[in-house]
Amino acid sequence: MKRNTLLGLAIGLSLSASSVALAATADSFSDVPKGHWSYEALDYLAKEGVIEGMGDGTFQGGRPMTRYEVAAIVAKAMQKEGTNFGDRAVLEKLEAEYGGEIATLKKQVDANTKQIAENKKEIDRVKLYGFLRAQYDYDRNKDADTLDHGTNRFYMDLRGDLKVNDYWTVRFQSETNRHYNNGHSRQGETGLNQYTEKTWSGHDGNIQRIWVDGLSKDGKWISIGRAWRGLGFQNVLFGNESDGFQFGVPIPNTKLTASGFWMASTGEGNRESLYGIGAWGPIGHSVDINVAYAKSSIGKGDTYSSGKIVGYRAATSPSGITTLDPVYGKNDVTNKRSYGFVVSGAVNFAKHFRFIGDYVKTDADFQGNSLALRLNYRGTDLNKPGSYGLYARYVRYGENGWLAGDDEWNSTWNATRGWILGAKYVPAKNIEWEMLYSRQTRGYDQAWAYDRDLFRTQVDYHF
């Protein structure tokens with residue numbers, strides 16, 4: 001092969017020499033000008049995948065070839081369809097000449113393909129994803145004519161999935177809140193207190209939640225650790241970070257899943273844990289249910305001390321070191337309910353319309369029930385710019401109408417009655433913009449009641 005060049009062999013193998021009319025449409029190689037006699041043939045072979053050049057956009061046709069390079073070109077040419085008898089005969093002779101090299105290349109390709117698949121499998125064991133949010137609230141107490149700036153912030157939700165094997169996955173979640181610089185207390189951003197026995201993880205950028213999920217081939221699953229968990233479609237009965245576990249088992253001859261759980265909210269000073277059962281899934285055409293019952297470890301009327309810190313006291317050790325020690329107040333808490341249940345239903349009653357309703361009942365003597373109604377029209381798809389969704393909601397959450405419900409970033413607290421209108425829109429791939437407006441009465445039917453106007457706009461950047 002000392003005198004054969006890459007250019008000469010490539011042109012000799014061009015299937016266009018006897019049967020194909022060539023028409024160059026673009027420069028395949030920067031070192032082969034359009035005026036060159038070989039331009040059209042090389043351009044055609046490059047577009048057909050028979051030749052690739054040097055990988056840097058050049059062909060370098062004047063250099064000597066190795067036998068492996070000849071074998072690679074012959075192998076690719078043999079895979080092309082539509083060659084005439086003469087072309088095929090020439091290629092078969094070349095294949096016989098370079099059969100050893102072609103076999104070696106095939107083994108290398110197979111080995112590389114296997115290695116790539118193994119590398120992909122290992123890479124897929126670790127996944128990072130989440131979103132960053134920029135949020136602004138106009139949150140007005142109409143009676144006092146004051147604004148609450150507590151949720152104006154930059155926020156990031158970072159999650160990771162670490163696959164152990166085909167059945168188990170370790171997961172983590174890190175939340176970070178950075179409030180706009182409008183006088184908001186920096187100290188209040190963490191949600192952490194080094195002195196309390198049990199504290200909410202807060203949003204300080206550490207890895208707050210870690211848990212493991214197990215899933216069997218027959219659909220049974222279990223989640224163990226500290227994670228955000230919810231009960232009901234709209235998380236009214238319970239929607240909170242918790243320590244504990246939850247498991248699910250498919251119910252035979254149905255599409256339902258039965259569930260059991262034990263979990264304890266990680267709120268500061270919390271001494272309560274919950275255990276119970278639930279079930280969810282479709283029960284008919286376009287109809288889904290979600291029901292759950294939860295029992296508290298603390299009886300109705302029982303009192304316990306939350307152990308919250310009410311101040312600090314300076315203390316000097318015998319060695320002369322002064323420290324600030326926490327002072328715990330009694331802060332007695334009386335449990336006003338000992339159990340609760342939720343009944344949720346959802347139905348697609350028309351094209352693009354979905355109605356969801358949650359009813360919650362506890363054994364509290366005052367405002368022990370809650371109602372959440374929601375109507376969705378369409379919905380967003382992060383992969384489809386221009387997609388959108390609209391929704392309307394009515395909420396009436398009793399002061400004791402949940403066990404540890406989701407306040408949805410301070411927009412739907414307990415002891416709240418009102419309505420919410422909202423819209424979501426995808427302006428670009430993986431970006432979602434949401435706006436909502438709500439009129440509420442906080443503390444309805446109570447002496448401290450006030451009217452609230454809430455306008456929220458936020459943009460989420462998913463990754």
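Values as computed for the structure displayed
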| item | result |
| --- | --- |
| Sorted peptide list for 220-226, 393-399, 283-289, criterion being average Cβ within 10 angstrom, highest first | 393-399, 220-226, 283-289 |
| Amide proton proximity set for V333, modelled H, under 5 Å, gap of 5+ | Y304, S305, S306 |
| For the range 310-317, Karplus couplings with θ = phi - 60° (6.51, -1.76, 1.60), whole Hz, Gly/Pro x | 10, x, 9, 10, 6, 9, 10, 7 |
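Every number here is computed from the coordinates shown, using simple stated rules; none is lab data. Predicted model, so just to flag it, every value in this text is computed and none were measured. Glycine gets a Cβ as well: all are built from the backbone with ideal geometry, and neighbour counts include every protein chain shown.
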